[in-house]
Amino acid sequence: TPRRPRLPTFLKHPIPRGKSYTAIKKDLRGLGLHTVCEEAKCPNIGECWGGGKGTATATIMLMGDTCTRGCRFCSIKTSRKPPPLDIHEPENTAEAISRWGLGYIVLTSVDRDDLVDGGAAHIASTISKIKHKAPKILVEALTPDFAGKGEETIAMVATSGLDVFAHNVETVERCTPFVRDRRANFQQSLDVLMTAKRAAKAANKEILTKTSIMLGVGEHPDEITEALQRLRDAEVDVVTFGQYMRPTKRHMKVDRYVEPEEFAKWKAVAEDMGFLYVASGPLVRSSYKAGEFFIENVLK
Ligand code: SF4
Ligand code: SF4
């Protein structure tokens, strides 16, 4: 058997805890809400939740903790028929978020292929309620692909008042079948990002589109360049690169640990192609310090 690559020191990270960390945690328990930050044991939690100057960021998970899909890199539970949606979730989420004084919130969700609209109305309603209670907070939604649910589901989310529409291609086209659930594909995800942009424009709303690519799953450099070019052609504004980390032994193996220098190279390549903003580094997650990035660099 091939030797497993060792975890380099630049991936080892302490978990700091601050005041806002404790406050947010308490509220989450009370309202039955879940964050990706906690569930995925994200190493950036101290930095994100503790961000100063109104740039603190958290990632809330909507529509439960059980996904209808099973991607090979993801540690979320899978079931063909997850429990029904909590109809109070949009209101509870908006209420909690408006109390925390965050500058930026990322709403993500499991895929709900079992629902007629894939959960689009639930997500859109959460966004408009947040914007109603806390108009200053910037909202990013990291969405499913709503495959087979009709373009209007994507449009519903894209025009709900959000600032950043994110949908992750996760990897290059060739690796997609080995990495993502079989119902996902690269072109389909590109189409989601294009549809979102078009729908927002048609409704006279300004949104940024954003996607993330994990490195270290077996991709080749020319495939990364090609993926970036296609994303740019689809008018995607923001791209992030991070290292794939295997959640458990039952998940797909890490192909390689990418050096910080290579992450820096991809950042430069993507910036040259004209992306508005690029975050790239071993510990970068799709939502890593998003508030800081967007508030200070993009949206001001
Ligand atoms: Fe995880 Fe998303 Fe894949 Fe579901 S669709 S298994 S939540 S990555
Ligand atoms: Fe949460 Fe994302 Fe920050 Fe991790 S990177 S702590 S998941 S907001």
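In the set (1) within 16 Å of ligand 1 (Cβ to nearest atom); (2) crowded, with 22+ Cβ neighbours inside 10 Å, the condition left unmet by Q188 is number (2).
Farther than 22 Å from G242 by Cβ, in a helix (DSSP H, G or I) and within 16 Å of ligand 1 (Cβ to nearest atom): does that describe H132? Steps first, please.
Working: farther than 22 Å from G242 by Cβ: yes; in a helix (DSSP H, G or I): yes; within 16 Å of ligand 1 (Cβ to nearest atom): no.
No.
Could you say which residue among A121, A141, A202 is touching a helix residue (DSSP H, G or I) at 6+ places or on another chain (Cβ under 9 Å), among the small types (G, A, S) and crowded, with 20+ Cβ neighbours inside 10 Å?
Answer to the check: A141.
A227 satisfies every condition listed in (1) touching a Ser or Thr at 6+ places or on another chain (Cβ under 7 Å); (2) closer than 25 Å to D181 by Cα except (1). The set of residues from segment 67-90 being loosely packed, with under 15 Cβ neighbours inside 10 Å and under 23 Å from V116 (Cβ atoms) comprises K77, S79, R80, K81, P83, P84, I87, H88. Within segment 45-66, if we keep just the residues that are surrounded by fewer than 20 Cβ atoms within 10 Å (Cβ to Cβ) and within 12 Å of ligand 1 (Cβ to nearest atom), the residue that is farthest from D181 (Cα to Cα) turns out to be D65.
Mind listing whichever residues of segment 63-104 are farther than 14 Å from H34 by Cβ, charged (D, E, K, R) and under 17 Å from the mean Cα position of the chain (by Cα)?
Looking only at segment 63-104, we keep the residues that are farther than 14 Å from H34 by Cβ, and these are 68-74, 78-81, 84, 87-88, 90-91, 94-95, 98-104.
In the following step, the residues that additionally are charged (D, E, K, R) were identified as 69, 72, 80-81, 91, 95, 99.
Once the filter is applied, which keeps residues that are farther than 14 Å from H34 by Cβ, charged (D, E, K, R) and under 17 Å from the mean Cα position of the chain (by Cα), segment 63-104 yields R69, R72.
Yes or no, residue by residue, for (1) surrounded by fewer than 19 Cβ atoms within 10 Å (Cβ to Cβ); (2) of a type in the set (A, V, I, L, M):
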| position | (1), (2) |
| --- | --- |
| V217 | no, yes |
| E223 | yes, no |
| Q229 | yes, no |
| V238 | no, yes |
| K249 | yes, no |
| K265 | yes, no |
| V269 | yes, yes |
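Each value in this text was obtained by applying a stated rule to the coordinates, not by laboratory testing. Since the structure is predicted, the reported quantities are computational estimates derived from the model, not experimental observations. As a convention, Cβ positions derive from the backbone with ideal geometry for all residues, glycine included, and neighbour counts pool all protein chains shown.
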